[in-house]
Amino acid sequence: MKNSLKVEAILDQLIDKQIAFACWFQPRDTKMGLLAGNPSDVSFLDRFDQLNGEAGFVFAPYLITENSPVILLKPGLYLEDFDSVNTPDFNDFVPFSKGKTPETCVSQSKDDYLKLIEETVTEIREGALSKVIISRQIPVPRTDTSLGTTFLQLHEQTPNAFTYLVNLPVAGIWMGATPEVLIKSDGEQFETVSLAGTQVRKPDAEEYYWSTKDIEEQAFVSRYMLDVFFNFDIHKYKTKGPETLESGKVAHLKTSFFFPIEKIEKCLGNFIADLHPTPAVCGLPKDLAAEFILKKESHDRKYYTGYLGPWRLNQQVSLFVNLRCMEITPNEFILYAGGGITSRSVPEKEWDETNQKAKTLLSVINPEG
């Protein structure tokens, strides 16, 4: 990508002018996609299956609410390989109205988090739950550093993740670097991924060893994927893994599933509605885990653990689960991080895991920290 300094300035200008846009890098790609539009190009959906027949950039929440709808930005302007050489005139775009300023984030204390994990483990051992994802917010004071600069640095540090920056009505500004594919297509087949288990990234060539807890956690997600396949009459598929995926400061266990595109091409929105949220972001059994999260988590996840990405742009689909992400308010970077809790979880280790996951973003917003 040429003239990166100018690209940074253009992204900052779009934010300053309150233009609706999404920009992103696919994993291991140097081309930056950019989609921008007027307020009339933005749709708000109250069901995941309403994506059937649509095209654009999707920014979907963990749970659809009045304050967190599915947002579809349609291609008023779509550039597959954006650089500053042939920059369009963004003065022609209409800004969207700013929503109310988010309240200051009140972070959960370590003691409160450890108590919640202990309570969750007890619930799993004594009840019907097998796994629950418990997350927390990590607020960091915002500096006057360019968000365009921060985004390009994030991409440079995590080239094998889907990195993005969006500024959208209702949602506001979000940025992230997620390693987890929800579903993507190459024109002939779809790929979806089971991703679970986390450890600190090791130096090059050093071998990874995975605990029983991590392997069990990953198996939960894989079994869920196969249940969804069965519901959509998908019986022929290929698998790859489990294998180690390195992303940012951590590594995960990953299994990829591949199946023919014609199986769900006409009902892809329905498939997504059934698939999301996966046990990797919610838990098992899904309904009980979702109920436990709503009752016990002290914050609104909003778009954290939702999904995002290009949706039928040039007939391609490339959606990722919104992990390693942050909401950007006028005064704060609000980082989100979580972990899968099972009967084998150790509260102190779970706290450490969320801190490790947060380092992917902390390394670009607070490099001296």
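A few points about this structure:
- Inter-site label distance for residue 125 and residue 100 at 7 Å from Cα along Cβ, in nm: 4.2 nm
- Segment residue 346-residue 81, extension gain: residue separation times 0.36 nm, minus the distance between their alpha carbons: 90.9 nm
- Between helix 110-126 and the chain: long-axis angle, C-alpha atoms, 0 to 90°, nearest 10: 50 degrees
- Mean ellipticity per residue at 222 nm, deg cm²/dmol - from DSSP H runs of n ≥ 4 across the chain, formula -39500 (n - 2.57): -8500 deg cm²/dmol
- If R0 is taken as 41 Å, the Cβ-Cβ distance between residue 291 and residue 89 corresponds to a FRET efficiency of 0.25.
- Straight-line reach from residue 359: taking Cα to Cα under 18 Å and skipping same-chain neighbours fewer than 8 places apart, the aspartates and glutamates in range are 156, 180, 246, 327, 332, 348, 350, 368.
- Where trypsin sites (Lys or Arg not before Pro) fall in DSSP loop in the range 213-259, at most 16 other Cβ within 10 Å: 236
- The angle separating the long axis of helix 286-296 from the principal Cα axis of greatest extent in the chain is about 80 degrees.
- Among the GluC sites (Glu not before Pro) in the range 302-350, none is located in a DSSP loop while being surrounded by at most 15 other Cβ atoms within 10 Å of its own Cβ.
- Trypsin sites (Lys or Arg not before Pro) lying in DSSP loop within the range 50-147, provided at most 12 other Cβ fall within 10 Å: 98, 100
- Relative to the longest principal axis of the Cα atoms of the chain, helix 147-157 runs at roughly 50 degrees.
- Label reach from residue 47 (point 7 Å along Cα→C-beta): in the range 217-240, amide nitrogens under 18 Å belong to 232.
Values quoted throughout were computed directly from the atomic coordinates according to the rules given, and no laboratory measurement underlies them. Predicted, not measured: the structure shown is a model, and the values here were computed from it. All Cβ positions, glycine included, derive from the backbone under ideal geometry; neighbour counts span all protein chains shown.
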